[in-house]
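**Student:** Can you keep this structure in mind? I'll have questions shortly.
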Amino acid sequence: MHERERHRIILSAVQEKSVVTIQDISELTEASEATIRRDIAALHVQGKIRRVRGGAEAVHPPQLGNLAGRPFRVSESVNIDKKRAIARAAVDLCEAGDAIIINGGTTTFQMVHYMAGHRMQVMTNSFAIAEHLVKHSKNTVTVPGGAIYREQSLILSPFDNDAIRNFYARRMFIGAQGVGPLGIMEADALIIQSEQKLMHQADELVVMVDSSKFNRRSSLILCALDRVSVVITDDGISEEAARMVENAGVRLVVASPVTQAVREDSSSVA
């Protein structure tokens, strides 16, 4: 990742979460901690952030009330090749006329680039996904009611009487903060509430995560692994993580970001 892109991610991160650690930025950018220290020092000299012990803070702290988790614009370009390969594999599961739900996220957003030629019924709680599909595809798009959370580009509502309960889908596609033996993990209770409402309206749950998500944990569990029908990830997944998915009776699909080719693990369960 180029220095300019790393700087953009650091500046976006501190505006959404007033203090970020060197380790956090290192994971986001896949750069060494030494490189991140130099980036923080340079931005500090420019007066764009303040260098603090172990990280950086915003010159002007962000407003309170944001959702937990990384903002959309921070995560959008992280592991972009892997996300696009995963998204292409996800769209390959779809057929003409399908009714699907796409949960908001930077990995699920990449699906829009492969949906231009499709005609499906799509419900999404992502403002970014809805906008792109309306402009660049023939898919029918439905969004639930609720408030728009700009940082995550999500439409969320605490109420039950919205459009969600009137939409039934063959599959729901989601990303995640992490995947582990206890299940699919998220970072915010409001996001989990929204996702669980949507999950009730779909026959199958498809989880789209790059291989780094198998090494991450969160304090909140969305659902157990046995609720998941398919996990789509990239070819960086470890043998241990692959066995965990397969032992839960979940179909595993591995997408290669190099060739955009997709293979399905022969030992996975349909």
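**Student:** How would you order 3-13, 206-216 from highest to lowest mean count of nearby Cβ atoms within 10 Å?
**Tutor:** Details: 3-13: 18.3, 206-216: 21.6.
Ranked by mean Cβ neighbours within 10 Å, highest first: 206-216, 3-13.
**Student:** For LYS135, give me every one of the lysines with a C-alpha distance below 24 angstrom, ignoring sequence neighbours fewer than eight places off in its own chain.
**Tutor:** LYS83
**Student:** Now for a different question. Can you give the FRET efficiency for ARG216 and ASP81, using 1/(1 + (r/R0)^6), R0 = 22 Å, r = Cβ-Cβ distance, to the nearest 0.05? Mind dumping the intermediate values first?
**Tutor:** Working: r = 19 Å, r/R0 = 0.87.
E between ARG216 and ASP81, to the nearest 0.05, is 0.70.
**Student:** Given R₀ = 35 Å, FRET efficiency for ARG51-SER256 by Cβ-Cβ distance, to 0.05? Present the calculation step by step, with values, prior to reporting the outcome.
**Tutor:** Working: r = 39 Å, r/R0 = 1.12.
Efficiency, rounded to the nearest 0.05: 0.35.
**Student:** So, one more: If each residue of separation counts as 0.36 nm, what is the full-extension length gain between ARG8 and ALA116 once their alpha-carbon separation is subtracted?
**Tutor:** Values: separation 108, 0.36 × 108 = 38.88 nm, distance 2.96 nm.
Separation in residues times 0.36 nm, less the Cα-Cα distance, equals 35.9 nm.
**Student:** Where the Cα atoms of the range 82-153 are projected onto their three principal axes, how long is each span, largest first, in whole Å?
**Tutor:** The principal-axis extents, from largest down, are 31, 27, 18 Å.
**Student:** Once fully extended, how much extra length lies between VAL59 and ALA96, figured as 0.36 nm per residue of separation less the alpha-carbon to alpha-carbon distance? Write down the numbers at each step before the final one.
**Tutor:** Details: separation 37, 0.36 × 37 = 13.32 nm, distance 4.99 nm.
That pair, VAL59 and ALA96, stretches by 8.3 nm at full extension.
**Student:** Here is a further query. Which FRET efficiency value, to the nearest 0.05, do you get for GLN193 and ALA41 by plugging their Cβ-Cβ distance into 1/(1 + (r/R0)^6) with R0 = 30 Å?
**Tutor:** Values: r = 41 Å, r/R0 = 1.36.
Computed FRET efficiency for GLN193 and ALA41 comes out at 0.15.
**Student:** Students often check this: by mean Cβ neighbours within 10 Å, which of 218-228, 43-53 ranks highest, and how do the rest follow? List each step's numbers first, then the result.
**Tutor:** Details: 218-228: 16.2, 43-53: 14.0.
So the peptides 218-228, 43-53, ranked by packing, come out 218-228, 43-53.
FYI, it's all coordinate maths here, none of it is from the lab. The shown structure was predicted, so the numbers you read here are calculated from the model rather than taken from an experiment. Heads up, the Cβs are rebuilt from the backbone with ideal geometry, glycines too, and the neighbour counts pull from every protein chain shown.
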